[in-house]
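J.: After the structure tokens below, expect a handful of questions from me.
Please treat every number below as a calculation from the coordinates, not as lab data. From a predicted model like this one, the values you see are computed outputs, not experimental measurements. Cβ placement follows ideal geometry from the backbone for every residue including glycine, while neighbour counts extend to all protein chains displayed.
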Amino acid sequence: MSESRAEVLAGAAVLAAAVAFLFYAGQQSVMGPQGGTYELKASFRSVEGITVGGDVRLAGVKVGTVTSLSLNPETYFADATVAIENAIQLPTDSSILISSEGLLGGNFVELQPGGMPDMLAPGDEIEDTQGAVSLIALLMKFVGSMVSDPKSDSNG
């Protein structure tokens, strides 16, 4: 009898831990920041490594999410829409770029506020953008410059 009671208590503890985990995960998910958001648009040459639901950060702090990505058939650029917390107001000369978390990390969208007194309104487009930089392309340029550089001779 005591073995079945211990099994029931262990099962209840596991179930309680699972419910607590699901509650925590629901609070931390990409359901959107509390307090509401507004959308801004941007057009990038490349959004490599960015997906819908990805982080939008300001000074390393998550302040929003990527809500849509699409290819503009006229410009062949990637149009992105981001949802930013209402508490974050950005100047009209702010910039948006695709940043990397490191050599092996993923990419995220980074906001860099400008200095203008006017603020971006919901639905506005951020004009100053910088797309994703390909690490492979940078390495190939570096290797190519080392091979073609005549000063790289070890004699002198």
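J.: Between Ala25 and Gln130, what FRET efficiency comes out of the Förster formula 1/(1 + (r/R0)^6) with R0 = 25 Å and r the beta carbon distance, rounded to 0.05?
T.: Details: r = 33 Å, r/R0 = 1.31.
For Gln130 and Ala25, the calculated efficiency is 0.15.
J.: Something else: How far apart, in nm, are the 7 Å Cα→Cβ label points at Asp118 and Arg57?
T.: 3.1 nm
J.: Based on other C-beta atoms within 10 Å, arrange Arg5, Arg45 from fewest to most.
T.: Working: Arg5 9, Arg45 14.
Least to most surrounded, the residues fall as Arg5, Arg45.
J.: If I take R0 = 30 Å and measure r between the Cβ atoms of Ala16 and Asn86 in this structure, what FRET efficiency does the formula 1/(1 + (r/R0)^6) give, to the nearest 0.05? Let's see the in-between values first.
T.: Values: r = 36 Å, r/R0 = 1.18.
That pair, Ala16 with Asn86, gives E of 0.25.
J.: While we're on this one: Along Cα→Cβ, 7 Å out, is where each label goes; now give me the distance between the ones at Arg5 and Ser99 in nm to one decimal.
T.: For Arg5 paired with Ser99, the spin-label model returns 5.7 nm.
J.: So if we plug the beta-carbon distance of Val143 and Glu74 into 1/(1 + (r/R0)^6) with R0 = 25 Å, what FRET efficiency do we get, rounded to 0.05?
T.: Efficiency at R0 = 25 Å is approximately 0.10.
J.: Among Ser95, Asn72, Gly60, which residue has its Cα furthest toward the positive end of the charge dipole of the stretch 37-142, with +1 on Lys/Arg Cβ and -1 on Asp/Glu Cβ?
T.: With unit charges placed on the Cβ atoms, the residue in question is Gly60.
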